[in-house]
Amino acid sequence: MGHKFLFKRRKKIKPLARKLVTSSNPQSIISEQFRTVRTNIKFSMPNRELKTLLFTSSSIGEGKSTIAANVAIAFAQEGKKVLLIDADLRKPTMHYTFLKTITPGLTNLLTSYWNLNQVVKESGINGLDLITSGPIPSNPAELLELTSMDMLITEVKEKYDLIIFDAPPVLSVSDAQVLASKCDGTILVISSGSTEKVNVIKAKEVLQASYANILGTILNNYKIGKNHYYYQYYG
Amino acid sequence: MEEAITLQELFKIIKKRFVLIITILVLSMTVAGAVSYYYLTPIFQASTQVLINQKEFDQNQFNSQDIETNLQLINTYNVIIKSPVILSKVIDNLNLKTTADLLHKQITVTSEQNSQVVNVSVEDPDLQKAIDIANMTVKVFQEEINLLMNVDNVNILSLAVITKDTKPIKPNLILNIGIAAIIGLIIGIGITFLLEYLDTSVKTEQDIGELLGLPILGLVSPISNKYLKKTKEPKSHNRNGA
């Protein structure tokens, strides 16, 4: 029994360590890159309150969940009280990344009488809490549009310094648009070498159409060239 | 998206797919080498030389006028050597299973500018046969020219002989591999630029700036497994500390 348990745990720890570089390997170049992202996010809105942050991308598999998690950790390491919410109710991944159960989660909060304290999970990282997606609903876009979502945002804004939402891709479903209009800032994750140019342009238009405040982009999977020596030097 | 490509970008594109280019290059060279070595029948060449000169014993001095005449004759002779009259006799004498037309293609007649020496070369997969044909051709030619033009001015300078180090002239392995290398390089670079042209994905910070006009909050490198190994130590430290 004990052996089995141990084996299972080890197997699962590997992807965790890989994805959450900021916590598992704070000295690495990539962690430094996330700290740069953190700084740039702070400077992107110096005179407006920035409490809710949405991460999305044009299409699937561009790394938005990984980046959202790492940025959340980077902010938590700075001493902020951060809440990470898996708002991707179609293909949730946060519970895998942090090795948590999927329920109870966001859908429970939005549809039934669960309260925040029952749903929020500790991430295992100081200062970072998370809300997993909860059971996958049949109508995610409508769920996110509910007034209970607005109420939830108001509630968590009081308890946390920063709330980070991990949203589905903009171009496939309207979920991200709905959320983006409710958030203070939206960040578009672009995967170097795989995101189509046409798609990013469309994604930007779609987000702007829903009155999202696009703070900027993060270029993921970017191979550092020789001209970026300073990363190497300081990292 | 019409933009001029600078030389630097050109090099970058080639550098990026360098492995692909080299692979295609080596592959085409190997194929060319293997095909020429294993599949193409080697062709041997035998050459004979004929001197065209008027035999006039009474006249001791060379007359430049004579040489001029001879030179003009050579052009005529070049045609005669390869004419069916000669070639059909060669085929008869050697009992060859070929036609005058086919034999015509195997024979090359060349003469240097302003020289009275004519080279007759024969190409054949069989070296002995090439030698026989070359020798027989000039012999028949020498005899026939007497009848045809009523002159006796053809001397055989050298006959084709078998030598130990005779190597096939075709296929030329180095030439074929060389050509394949050039073609391979062109194809490789062609594919590289085609892929680059077809790849419409976002790649650099400049792309984002041009396309979206949005600020870039950061670059994130691919999270590779190399960070996994590094992570183990600090992680255990943390646990001990906590």
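Structure notes:
- When you restrict to C-alpha pairs under 8 Å that are six or more residues apart and normalise by the size of chain A, the relative contact order lands at 26 percent.
- Across the stretch B:26-146, the mean sequence separation of Cα contacts (distance under 8 Å, 6 or more residues apart), normalised by length, yields a relative contact order of 38 percent.
- Peptide B:208-215 shows a mean partner chain C-beta count of 6 within 10 Å per residue C-beta.
- Estimated dipole of chain A in Debye, rounded to 20 [Cβ of Lys and Arg +1, of Asp and Glu -1, Cα centre]: 1180 debye
- Spin-label model distance (nm) - residue B:172 vs residue A:146, 7 Å beyond Cα toward Cβ: 8.2 nm
- Pairwise burial B:A, computed as accessible area of each alone minus the pair, summed, 1.4 Å, Å²: 3500 Å²
- With 0.36 nm allotted per residue and the present C-alpha distance subtracted, the residue B:11-residue B:23 stretch has 2.6 nm of extension available.
- Taking the stretch A:151-185 and a reference point 7 angstrom along Cα→Cβ of residue A:196, the backbone N atoms nearer than 18 Å belong to A:169-174.
- Surface accessible to a 1.4 Å probe, residue A:210 within the full protein complex, Å²: 20 Å²
- 13 Å beta-carbon shell around residue B:219, net charge (K/R +1, D/E -1): 0
- Within 10 Å of each Cβ in A:29-42, the average number of Cβ atoms from other chains: 3
- Of the listed residues B:44, B:11, B:18, the order by accessible area with a 1.4 Å probe, largest first, is B:11, B:18, B:44.
- For the peptide A:189-202, the mean number of other protein chain Cβ atoms found within 10 angstrom of a residue's Cβ is 5.
- Placing unit charges on the Cβ atoms only, positive for Lys and Arg and negative for Asp and Glu, gives the protein assembly as shown a dipole magnitude near 3680 debye about its Cα centre.
- For the set B:104, A:95, the ranking by accessible area, highest first and with no ligand, DNA or RNA atoms included, is B:104, A:95 under a 1.4 Å probe.
- Taken per residue, the accessible surface of the stretch A:47-159 reaches 44 Å², heavy atoms only and a 1.4 Å probe.
- Percent carbon-and-sulfur accessible area, the stretch A:102-171, ignoring ligands, DNA and RNA, probe 1.4 Å: 50 percent
- Summing charges over all other residues whose Cβ lies under 10 Å from the Cβ of residue A:192, with Lys and Arg as +1 and Asp and Glu as -1, gives -1.
- Rounded if a/c under 1.5, otherwise prolate or oblate - chain A, Cα gyration tensor axes: rounded
- Cβ-defined net charge surrounding residue B:202, 11 Å radius [Lys, Arg +1; Asp, Glu -1]: -4
- Between the C-alpha center of the stretch B:71-139 and that of the stretch A:29-52 there is a gap of 87 Å.
The values are calculated or read from the model by the stated rules, or taken from the named source; none is laboratory data. Every value quoted in this text rests on a predicted model; they were computed, and no experiment measured them. Using ideal geometry, Cβ is built from the backbone for each residue, glycine included, and neighbour counts are taken over all protein chains shown. With ligands, DNA and RNA removed, areas are computed over all heavy atoms of the protein, side chains included. Shrake-Rupley method; radii C 1.70, N 1.55, O 1.52, S 1.80 Å.
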